[in-house]
Amino acid sequence: MQDLNNYMMIFRFEPNNEYQPTAEDLANQNQQWGAFIGNLAITEKLVGTNQLGFSGKQLSADLSVADGINISEGKTLGGNMIVRAKTIDEAVEMAKGCPILSMGGTVEVRDVVPM
């Protein structure tokens, strides 16, 4: 049997300060994420996941610090997930069920190199 490898799914989305989700919207999104994460956990493919908040600081090489989060090409990181799969293509198939896609976001799937 082929060993499973770890792959990271990186979730990006375009922040929209004008859109304020309703309580129903938030409940629906939470349900979708719970189902997505739960299905991966049940199949023992989930290693771990993190959601990122909206506050932060950025530290530059010259040690200067700026308030705020990085937004590049109109998108920011929303979180990440590490999954187990035989191949990167299998991990991409898993990512196709990610709720961020229905919100207009993207999922980048990358191999994880142990340090």
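The values are calculated or read from the model by the stated rules, or taken from the named source; none is laboratory data. This structure is a prediction, so every number in the text was calculated from the model and none was measured. When we count neighbours, we look across all protein chains shown, and the Cβ atoms used for this are built from the backbone with ideal geometry, even at glycine.
The table that follows gives values for the structure above.
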{"quantity": "For Tyr7: the one exception among (1) modelled with pLDDT of 95 or more; (2) in contact with a Phe, Trp or Tyr (Cβ under 8 Å, 6 or more places away or on another chain); (3) not aliphatic (A, V, I, L, M)", "calculated": "(2)"}
{"quantity": "Answer residue from region 39-67, given it is surrounded by 11 or more Cβ atoms within 10 Å (Cβ to Cβ) and not in a strand (DSSP E or B) and is nearest to the chain's Cα centre (by Cα) among those", "calculated": "Leu52"}
{"quantity": "Region 98-115, residues that are out of contact with any Gly (no Cβ under 7 Å at 6 or more places or on another chain) and either surrounded by 18 or more Cβ atoms within 10 Å (Cβ to Cβ) or part of a strand (DSSP E or B) (or both)", "calculated": "Cys98, Pro99, Thr106, Val107, Glu108, Val109, Arg110, Asp111"}
{"quantity": "Count - residues of region 1-32 that are out of contact with any helix residue (DSSP H, G or I) (no Cβ under 8 Å at 6 or more places or on another chain) and loosely packed, with under 15 Cβ neighbours inside 10 Å", "calculated": "19"}
{"quantity": "Subset of region 69-97 that is among the hydrophobic types (A, V, I, L, M, F, W, C) and more than 14 Å from Lys45 (Cα to Cα) - its residue that is surrounded by the most Cβ atoms within 10 Å (Cβ to Cβ)", "calculated": "Leu77"}
